[in-house]
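Here's the structure, in structure tokens; my notes come after.
None of the figures in this text is laboratory data; all of them are computed from the coordinates on show. Treat the numbers as computed from the prediction; the structure is a model and nothing was measured. We place every Cβ from the backbone using ideal geometry, glycine too, and count neighbours over all the protein chains shown.
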Amino acid sequence: MPQHVQGVIAPGRNEPVRVETIVIPDPGPGEAVVKIQACGVCHTDLHYKQGAINDEFPFLLGHEAAGIVESVGEGVTDVTPGDFVILNWRAVCGTCRACLRGRPWYCFATHNAKQRMTLLDGTELSPALGIGAFAEKTLVAAGQCTKVDPAVAPEVAGLLGCGVMAGIGAALNTGNVGRGDTVAVIGCGGVGDAAVVGARLAGAAKVIAVDIDDRKLAKAKEMGATHTVNSRNADAVESIRELTGGFGADVVIEAVGRPETYEQAFYARDLAGTVVLVGVPSPEMKLELPLLDVFGRGGSLKSSWYGDCLPSRDFPMLIDLHQQGRIDLAAFVTETIGLGDVEKAFARMHEGDVLRSVVVL
């Protein structure tokens with residue numbers, strides 16, 4: 001029988017979000033209903049609210065979440081009611097050309113729930129990244145549920161559902177940071193700081209954090225950056241070169257998603273170095289680089305979708321590392337809030353006051 005729960009929707013472009021009653025259908029084949037325990041406020045949710053992703057309003061926001069599986073539909077065997085899970089937005093299909101070639105992290109046909117959640121009047125909702133977890137319960141494809149150790153606090157575990165995984169994966173998976181490498185991270189919000197953590201975890205000898213906000217640079221230092229550069233006061237490219245013997249970094253991770261900062265990343269890398277774009281640009285942005293420089297500098301220009309992660313492999317591994325004390329996921333949680341505080345959390349995010357606000361239900 002369909003359930004009525006409270007959830008946060010974005011009704012229209014740049015309109016304030018509001019809490020509404022959401023109708024959750026019973027799970028169909030391959031689907032699961034999850035009782036949400038915690039959900040991080042991610043910049044991607046703000047992009048949805050602003051219409052920067054698409055215009056399929058109204059959106060049911062929230063996607064960086066953890067909770068308990070309440071019920072499952074026909075054919076679901078990987079999770080059962082009572083399982084503690086992190087939700088992911090790239091449930092691999094297992095049958096596309098990427099999956100069949102043994103590269104499921106590039107899956108071209110990821111799953112979402114087929115049924116739609118609605119408002120009381122029947123208006124269909126577009127769940128953010130196929131999840132919609134600023135809600136007491138949500139409906140997802142069962143493959144979007146990744147079981148992890150229930151001993152971990154939900155507000156910590158849920159962060160792996162998007163931002164922290166994106167940053168750590170940008171360093172470990174996409175950038176292939178190795179022992180002794182020099183790494184620069186441009187943009188030190190939640191994703192950038194996670195990239196700092198990932199670089200240190202991989203054994204980087206030097207991790208240079210770049211931002212225009214001294215508060216963020218101080219936090220990046222706490223997270224493991226060895227050096228910081230305030231690019232409002234100093235040239236980012238020249239500063240990174242000075243800190244790397246004049247050569248540039250082996251890997252530069254761009255966690256802002258702007259043409260200006262991408263160009264900095266491009267020129268701040270060593271010859272044959274790697275640029276990883278993990279910041280999300282908006283549709284109207286354009287990039288112009290001399291093609292001769294692209295050819296002459298060699299190396300790799302990569303984009304990192306979700307940190308090129310495989311949730312079934314990476315989420316449990318990172319939870320284990322957290323429990324061992326090797327990474328501190330709790331350090332990303334600045335505050336815990338309620339459903340009615342999401343609009344204020346967006347404002348705090350915009351002002352740079354938080355790494356993550358986390359809605360706890």
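Below is a table of values for the structure above.
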{"quantity": "Förster radius 22 Å - calculated FRET efficiency between Ser312 and Ala153, Cβ distance, rounded to 0.05", "calculated": "0.55"}
{"quantity": "Given (1) 22.0; (2) 20.6; (3) 24.2, the label whose value is Kirkwood radius over Cα pairs in Å derived from this model", "calculated": "(2)"}
{"quantity": "Placed amide H near Thr228: partners under 5 Å, 5+ positions off or other chain", "calculated": "Ala209"}
{"quantity": "Gain upon complete extension [Glu263, Glu124; 0.36 nm per residue less C-alpha separation]", "calculated": "46.0 nm"}
{"quantity": "Loop sites in the range 213-269: chymotrypsin sites (Phe, Trp or Tyr not before Pro), DSSP, at most 12 other Cβ within 10 Å", "calculated": "none"}
{"quantity": "Of Lys216/Lys302; Lys216/Lys286; Lys114/Lys219; Lys137/Lys221; Lys49/Lys206, those spanning more than 31 Å from alpha-carbon to alpha-carbon", "calculated": "Lys114/Lys219; Lys137/Lys221; Lys49/Lys206"}
{"quantity": "GluC sites (Glu not before Pro) restricted to the range 236-336 and DSSP loop, no more than 13 other C-beta within 10 Å", "calculated": "Glu284, Glu288"}
{"quantity": "In Hz, Karplus ³J(HN,Hα) per residue of the range 154-166 (6.51, -1.76, 1.60; θ = phi - 60°; x = Gly, Pro)", "calculated": "x, 5, 8, 4, x, 5, 5, x, 8, x, 5, 5, 4"}
{"quantity": "Loop-located trypsin sites (Lys or Arg not before Pro) in the range 230-303, at most 13 other Cβ atoms within 10 Å (DSSP)", "calculated": "Arg232, Lys286"}
{"quantity": "Added length on full extension, which subtracts the Cα-Cα distance from 0.36 nm per residue, Leu289 to Asn14", "calculated": "95.8 nm"}
{"quantity": "The range 247-361: C-alpha gyration tensor shape, a/c 1.5 cut-off, then a/b vs b/c", "calculated": "oblate"}
{"quantity": "Nearest-0.05 FRET efficiency for Trp305 and Met1, computed from C-beta distance (R0 30 Å)", "calculated": "0.20"}
{"quantity": "Charged-residue dipole, Cβ positions (Lys, Arg, Asp, Glu), the chain about Cα centre, Debye nearest 20", "calculated": "720 debye"}
{"quantity": "Check: the range 1-92 dipole with +1 on Lys, Arg Cβ and -1 on Asp, Glu Cβ, in debye", "calculated": "300 debye"}
{"quantity": "Inter-site label distance for Arg116 and Val280 at 7 Å from Cα along Cβ, in nm", "calculated": "2.1 nm"}
{"quantity": "Amide H within-cut-off set for Ile22, under 5 Å, with H built and near neighbours excluded", "calculated": "Val5, Gln6, Gly7"}
{"quantity": "Full-extension gain in nm, Tyr106 to Thr336, via 0.36 nm per residue minus C-alpha separation", "calculated": "79.5 nm"}
{"quantity": "Rounded if a/c under 1.5, otherwise prolate or oblate - the range 296-361, Cα gyration tensor axes", "calculated": "oblate"}
{"quantity": "Sites Cys96 and Ala218, calculated FRET efficiency, Cβ-Cβ separation with R0 41 Å, nearest 0.05", "calculated": "0.40"}
{"quantity": "Backbone HN-Hα couplings from phi across the range 16-21 [Karplus 6.51/-1.76/1.60, Hz, Gly and Pro as x]", "calculated": "x, 6, 8, 8, 10, 7"}
